[in-house]
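Beneath this line is the structure, given in structure tokens, with notes to follow.
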Ligand SMILES: Cc1ncc(C[n+]2csc(CCOP(=O)(O)OP(=O)(O)O)c2C)c(N)n1
Ligand SMILES: [Mg+2]
């Protein structure tokens with residue numbers, strides 16, 4: 001799809017990037033009230049089938065449950081510092097739902113929900129956020145990298161993985177996540193240019209959640225439409241309502257298909273909002289007045305699809321209760337399994353750095369063992 005065609009797709013609703021900003025067009029299928037967007041060209045025919053809609057709802061409920069329980073576990077001292085994604089479920093589940101586990105996923109620290117949707121086991125994910133060595137490496141049957149903490153480094157690396165797939169002659173793609181803040185880093189731009197120039201099978205997800213720690217998007221860049229950053233590299237840029245999972249899934253599936261077919265990379269800006277603090281240890285009241293989040297609860301992605309599915313009869317109160325029960329059981333079993341993992345020894349902090357430890361690491365290991373009386 002040429003950039004102009006992508007631009008034409010982006011026109012179904014107008015929304016400012018932030019309060020008081022000019023309105024920028026973005027694609028929306030379902031309104032915040034849970035009804036079909038009357039301005040959507042093609043109407044209902046654009047939506048995925050009801051079975052897929054229900055499956056997407058399940059993914060969002062599943063990752064919301066994880067996010068909510070993670071707060072509780074943190075307060076109980078059973079989990080480390082965790083960056084919450086509550087309110088961003090459509091952006092994380094709708095995108096990764098378009099992948100298979102033959103495809104690569106490059107998530108950031110914010111994207112636990114994306115990794116869970118892709119297939120990362122809950123037990124492993126809990127272990128990771130407990131800083132347990134059992135969570136340090138990803139299962140061999142999955143092509144998901146550990147959550148990236150350094151901002152933007154994942155972009156050029158995802159291009160490398162995508163090019164390797166291309167060289168091997170597979171149809172596999174690489175999907176990489178970044179935040180609005182990350183899209184101002186050099187690696188973001190190098191990655192996009194690299195992917196465009198070499199026609200890498202990549203899908204770049206730019207989650208615009210309005211904030212980079214305590215800095216609003218409107219302070220850290222003058223750009224009002226981050227999807228247009230794609231223009232500079234000759235690749236399509238789509239701006240989609242990131243709280244509308246049916247629209248997010250649809251554009252992600254199209255972008256994945258384009259990449260599989262050798263038609264090159266796409267940048268998708270999902271417009272959403274970080275309702276929660278930067279991490280569970282952050283005091284958001286220090287820098288953000290409460291009224292700045294006003295209105296975002298009404299745009300909640302779970303609530304929106306729920307209203308639509310209930311109105312269509314695809315979901316009922318009873319089937320939802322059964323679904324939530326299943327999710328609860330799955331989570332509790334996985335946490336119990338994570339609880340039963342053996343505690344790490346202090347020396348393990350250096351054990352997994354290199355396949356062959358360096359002389360310096362060996363020395364440090366001996367020192368750690370001695371200090372801990374082992
Ligand atoms: C290279 C680098 N610079 C700075 C930081 C510190 N840092 C951690 S999170 C963050 C903000 C990122 O914001 P954004 O990309 O919008 O992602 P979000 O947290 O909103 O998901 C910064 C600057 C870092 N981790 N890596
Ligand atoms: Mg952000």
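The values are calculated or read from the model by the stated rules, or taken from the named source; none is laboratory data. None of these values were measured; they are calculated from a predicted model. For neighbour counting, all protein chains shown are included, and Cβ atoms are generated from backbone atoms with ideal geometry for every residue, glycine included.
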Discussion item. If I ask for residues that are in contact with a helix residue (DSSP H, G or I) (Cβ under 6 Å, 6 or more places away or on another chain) and assigned to a strand (DSSP E or B), which ones from region 104-121 would you list?
Written reply: 104, 105, 106
Worksheet item: Which one of 88, 26, 60 is surrounded by 20 or more Cβ atoms within 10 Å (Cβ to Cβ) and at pLDDT below 95?
Response: 26
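Scan region 122-141 and give yes if some residue there is within 16 Å of ligand 2 (Cβ to nearest atom) and either within 29 Å of residue 75 (Cα to Cα) or in a helix (DSSP H, G or I) (or both), otherwise no.
no
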Worksheet, complete the sentence: Among helices (runs of 4 or more DSSP H) completely within region 268-360, the ones holding 1 or more residues that are surrounded by fewer than 16 Cβ atoms within 10 Å (Cβ to Cβ) and at pLDDT 95 or above are 301-312, 317-339
Discussion item. From the list 160, 113, exactly one residue is within 25 Å of residue 244 (Cβ to Cβ), at pLDDT 95 or above and assigned by TED's automatic domain parsing to the domain that holds residue 186. Which is it?
Written reply: 113
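So that you can scan it fast, the table gives a plain yes or no per residue for (1) closer than 30 Å to residue 304 by Cα; (2) buried (at least 20 other Cβ atoms within 10 Å of the Cβ):
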| position | (1), (2) |
| --- | --- |
| 154 | no, yes |
| 167 | no, no |
| 224 | yes, no |
| 244 | yes, yes |
| 248 | yes, yes |
Discussion item. Tell me whether region 218-233 contains one or more residues that are in the same structural domain as residue 285 (by TED's automatic domain parsing), under 26 Å from residue 249 (Cβ atoms) and near ligand 2 (Cβ under 9 Å from one of its atoms).
Written reply: no
Item to complete: Just give me the residues in region 169-196 being part of a helix (DSSP H, G or I), crowded, with 24+ Cβ neighbours inside 10 Å and within 16 Å of ligand 2 (Cβ to nearest atom), in sequence order.
Response: 183, 188
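Residue-by-condition table, conditions (1) out of contact with any helix residue (DSSP H, G or I) (no Cβ under 8 Å at 6 or more places or on another chain); (2) within 10 Å of ligand 1 (Cβ to nearest atom); (3) part of a helix (DSSP H, G or I):
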| residue | (1), (2), (3) |
| --- | --- |
| 155 | no, no, yes |
| 163 | yes, no, yes |
| 200 | no, no, no |
| 207 | no, yes, no |
